[in-house]
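Single-structure report; data block below.
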Amino acid sequence: MSGHLRSRTKRAARKHKHQVVRDHGSLTMAQMPWRMRATFGPVEDLLTALETTGDIDADKDGAVYRAPSGHAWFSLAGAIKGFAEFYDAHARISGREMPTQSLHQLANKFAYGVMVFQSDVDAVRRDLAILKQETRPMTEHYTTTIIQSMSEDA
């Protein structure tokens, strides 16, 4: 085999290492740590703020949340409720119970302006750890399908 053909063969063998994945749908959330941070980060940041300063943003309608990517403001109660409902939908699909009760309770506390206690924060942190483990093997396609079906039902 000539030197030219040998180097072409070596280049072809190495080429697969540098190919860019264009379809993220089959990747798991564990393979996309930025998605995990985007999913759980805002809730974890909220819990940290509640523990450290107790401050949350509010407007005339109550507690609000600013989406980092779009800079739009949303109802904090609605955002947490939507997060919990995603896992409720996953529970129906998977047939496994998901620990979302603490999230629903926190959303209700924000909706009605009730005081949030450390025990509430601890319960949500405990449940988030379980939900993170549940999320890691999910594919992007699966999560997108759930979100789309939730949007259609609304």
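The values are calculated or read from the model by the stated rules, or taken from the named source; none is laboratory data. Everything numeric here is computed off the predicted structure, so don't read it as measured data. So basically every Cβ, Gly included, is an ideal-geometry build from the backbone, and we count neighbours across all protein chains shown. Side chains included, ligands, DNA and RNA excluded: accessible areas come from the protein's heavy atoms. Shrake-Rupley method; radii C 1.70, N 1.55, O 1.52, S 1.80 Å.
Diffusion of the range 14-154 by Stokes-Einstein, at 10 °C in a medium of 1.306 mPa s and with Rh set to the Kirkwood radius over alpha-carbon pairs, works out to 97 µm²/s. Annotation: His104 carries an accessible surface of approximately 50 Å², with a 1.4 Å probe and no ligand, DNA or RNA atoms counted.
Dipole of the range 15-154 (Lys/Arg Cβ +1, Asp/Glu Cβ -1, origin at the Cα centre): which of Met115, Gln31, Ala129 lies farthest to the positive side? Going by the Cα projections, it comes out as Gln31. In order along the range 143-153, phi translates into HN-Hα couplings of 5, 5, 4, 5, 4, 5, 5, 5, 5, 5, 6 Hz, rounded to whole numbers, per the Karplus curve 6.51 cos²θ - 1.76 cosθ + 1.60 with θ = phi - 60° and x for Gly and Pro. Rounded to the nearest whole Hz, the Karplus-based 3J(HN,Hα) values (6.51 cos²θ - 1.76 cosθ + 1.60, θ = phi - 60°) of the range 45-53 follow the sequence 5, 4, 5, 5, 5, 5, 6, 8, 10, with x at glycine and proline.
These residues, Leu50, Leu106, go from largest to smallest accessible area, 1.4 Å probe, as Leu50, Leu106. Values of log10 I(q)/I(0) for the range 90-154 across q = 0.14, 0.17, 0.26, 0.28 Å⁻¹ run -0.54, -0.75, -1.13, -1.16, by the Debye formula with one identical scatterer at each alpha carbon and no solvent. Taken about its Cα centre, the range 38-154 carries a charge dipole of roughly 160 debye when the Cβ of each Lys and Arg holds +1 and the Cβ of each Asp and Glu holds -1. Across all directions, the shadow cast by the convex hull of the range 64-111 built on its C-alpha atoms averages 3.6 square nanometres.
The label point for Gln105 and the one for Met36, both projected 7 Å from the Cα toward the Cβ, are 2.7 nm apart.
Coupling constants for the range 82-89 follow from the phi torsions by the Karplus curve (6.51 cos²θ - 1.76 cosθ + 1.60, θ = phi - 60°), and in residue order they are x, 4, 5, 5, 4, 6, 5, 5 Hz; glycine and proline get x.
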